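Here is the structure we will look at.
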Amino acid sequence: MLWLGTIIEGVLLGGLYALFAAGLSLVFGIMRLVNLAHGDLIVLAAFTILSLTTWLGFDPFLAALLAMPVMFAAGFALQYVLLNRTLGRDLLPPLLVTFGLSIVIQNGLLEAFTADSRRLRLGAIETASIDLGGNLAIGVMPLLTLGSAVAVILLLNLLFYRTALGRAFRATSDDLEIAQLMGIDHHRIYAIATGIAMLVATIAALYLGIRANFDPTIGPARLIYAFEAVIIGGLGSLWGTLAGGVIIGLAQTVGAKINPEWQILAGHIAFLAVVVLRPRGLFPRALD
Amino acid sequence: MMESTRYRLASNIRASAFLAFSSIVLVLMLAALPAVAGRGLIQDLIFVFYMLALAQCWNLLAGYAGLVSVGQQAFVGLGGYLLFALTIGAGIDPIAAVLLSGLIAALFAVPTAFVVFRLRGPYFAIGSWVVAEVYRLVFAQFKQLGGGTGTSLPPSVTNEIFGIEWVKAAIAVRSPAARDIITYWIALALAAGTPLLVYFVLRSRHGLALFAIRDSEATAESAGVDSFRTKLGVYVLVAAATGMIGALIYLQKARISPDAAFSVLDWSAYVIFVVIIGGVGTIEGPIIGVIVFYALQHYLADFGTWYLILLGALAIVTMLFAPKGIWGYVSQRYGVALFPVRRMLIRPHE
């Protein structure tokens, strides 16, 4: 029963990691861009939500709802003005520009909000749980996190496979030149994709801030978990990303159960094991 | 008639003979500097030298072999911890331990490469970062080396370093300053050695293979270049050098902790900044980059976060508007190159 609890906890934690990873996976799949600032952008979203709750006294959920269009616009602008210029055959510019951006965002947040740990407060629901009997209980917030992750992946898949925008996404991903010949403005498509990635990052930030303390320096670790989930799941597969998040979450909670110091290490080891055994991930859709 | 249309393969060696001579003079002068310079300057120069050596290493990996790593802190930290283990645990002289740390780091690099080489391009970058994190978390588990909080080198190790009595007698300084001077000489040797190492690698047939892979991996492979082995060779060589530099850094700091030794900011971000500003894919670039970096650090480091924001923004602007850095701009504009690694086709005049 003790282990069942650990496994449930791991799967629910996986929901949070899938939310970290979904935006990264989307951008990855469409334009092969690895955004090293993704984790810091999640933290930026968390501070945006925090500011709205403290300045305007909003509830975190309402604040996140308001932060979403702001973050979408920020993502759109970031891609349109900065990142589109870095795309091309050379792999250095996108990597190094986003790496520089990561340092700028981290230190900008440190300057604005200091290094203090913050948290989004929700009241009683934070600690509420559903009793399953036999000493087993599921936290309401972790359950809501996993539910949101599934919903986000579902919606992204619908967008991807059922809408005109999704068709444009798939077309630019599959063959950029033909897509351009068909009249697709790929710069705009990319900007929308990054905007959507930031929308998802805002949802991730909401649950991140409610689950645990955050400060401006935790972005890179979130990026690494997200990246691990994407690679485990396989490039271009959003459901794969969800599975990847769950695997990282499971590995971490099981590792922590054995020895609390092994939590993060266990997640990394699971990732490296997949890299060695299945370097293209478990459910690859696109060829890189 | 046939003779005159034949192309000749040449590289600009003669023009650099003067440079080689002046470099030797410069290195000799720097080696003699501790006789007259104060301890502060010596410590600053140690920092400049090891940053330069790290930048040359990263540049060989990313600029020439296409292995854009964000995880070289794995080998800096590994070298540092090996130095501590070898000196405290095995009682080996620190100077010998610096060399040995490099060799052992190279041994670690081989299995590491088999994992990270599974990932390509941008995925390799984050994969190498994950591996560095694994190293950090594993070294935090060794209670003998201080666990998560770290440990210090005991004075018995640092004060009995090879040659310290001689330096104390020759320059008339006390033990801590004499230790700095010996560290300074090792740092100078590494800073002068890494550009030479890069130069000789690039001039060798492996260098030619690297250029071929960089221009087109598929074509290079079809011409018989073993891309995997060529890259593996560079990766292991760079790991050995980086391990030695890491050992040297922590010999000087005399205090190590997992978070500092495997820091992505100190040993990747700053190093990448140096290479980008100076000029990626050139041997001259890191030398210019480290001078710019030292100047910025010297005047602006007190501004803390604003300093880092400036560094990040400078790297972004450079990458967007002058992707070949300061040296790339200069050499393109004026056609100069100090290190003749390019092979040129020369058409002989009649």
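The values are calculated or read from the model by the stated rules, or taken from the named source; none is laboratory data. None of these values were measured; they are calculated from a predicted model. Cβ atoms come from the backbone with ideal geometry, glycine included; neighbour counts cover every protein chain shown.
Has region B:63-85 got any residue that is buried (at least 18 other Cβ atoms within 10 Å of the Cβ), within 14 Å of chain A (Cβ to nearest Cβ), assigned to a helix (DSSP H, G or I) and at pLDDT below 95? For region B:63-85, residues buried (at least 18 other Cβ atoms within 10 Å of the Cβ), within 14 Å of chain A (Cβ to nearest Cβ), assigned to a helix (DSSP H, G or I) and at pLDDT below 95: present. Among the residues of region A:82-103, the ones that are under 22 Å from the mean Cα position of the chain (by Cα), part of a helix (DSSP H, G or I) and surrounded by fewer than 20 Cβ atoms within 10 Å (Cβ to Cβ) come to 2 in all. Return yes when B:SER263 is within 14 Å of another protein chain (Cβ to nearest Cβ), surrounded by fewer than 20 Cβ atoms within 10 Å (Cβ to Cβ) and either touching a helix residue (DSSP H, G or I) at 6+ places or on another chain (Cβ under 6 Å) or farther than 28 Å from A:TYR80 by Cα (or both) and no when it is not. Here the answer is yes, as B:SER263 does meet what is asked. Are any residues in region B:105-121 of a type in the set (Phe, Trp, Tyr) and more than 14 Å from chain A (Cβ to nearest Cβ), and if so, which ones? Once the filter is applied, which keeps residues that are of a type in the set (Phe, Trp, Tyr) and more than 14 Å from chain A (Cβ to nearest Cβ), region B:105-121 yields only B:PHE108.
From the set of residues in region A:85-113 that are touching a residue at least 60 places away in the same chain (Cβ under 8 Å) and more than 10 Å from chain B (Cβ to nearest Cβ), which is nearest to B:MET319 (Cα to Cα)? Applying the filter and picking the extreme gives A:LEU87.
Of the helices (runs of 4 or more DSSP H) entirely within region A:145-242, those holding at least 3 residues that are among the charged types (D, E, K, R) occupy A:164-174.
Inspect region B:251-260 for any residue being among the acidic types (Asp, Glu) and outside any helix (DSSP H, G or I) and give the result as yes or no. No, because not a single residue in region B:251-260 is among the acidic types (Asp, Glu) and outside any helix (DSSP H, G or I).
Annotation note: of B:GLY127, B:GLY102, B:GLY91, the sole residue that is part of a loop (DSSP other than H, G, I, E, B) and either more than 13 Å from chain A (Cβ to nearest Cβ) or at pLDDT below 95 (or both) is B:GLY91.
For region A:106-143, filtered to residues that are aliphatic (A, V, I, L, M) and touching a Pro at 6+ places or on another chain (Cβ under 8 Å), the residue that is farthest from B:ILE277 (Cα to Cα) is A:LEU122. Going residue by residue through region B:161-173, is there one that turns out to be within 14 Å of another protein chain (Cβ to nearest Cβ), in contact (Cβ under 8 Å) with a residue 40 or more places away in the chain and surrounded by fewer than 18 Cβ atoms within 10 Å (Cβ to Cβ)? No - not one qualifying residue is present in region B:161-173. In the set B:GLY279, B:GLY243, B:GLY207, B:GLY233, only one residue is touching a residue at least 24 places away in the same chain (Cβ under 8 Å) and under 26 Å from B:THR183 (Cβ atoms); that residue is B:GLY243. When B:GLY304, B:GLY278 are checked against the criterion of being buried (at least 16 other Cβ atoms within 10 Å of the Cβ) and of a type in the set (Gly, Ala, Ser), a single residue qualifies: B:GLY278.
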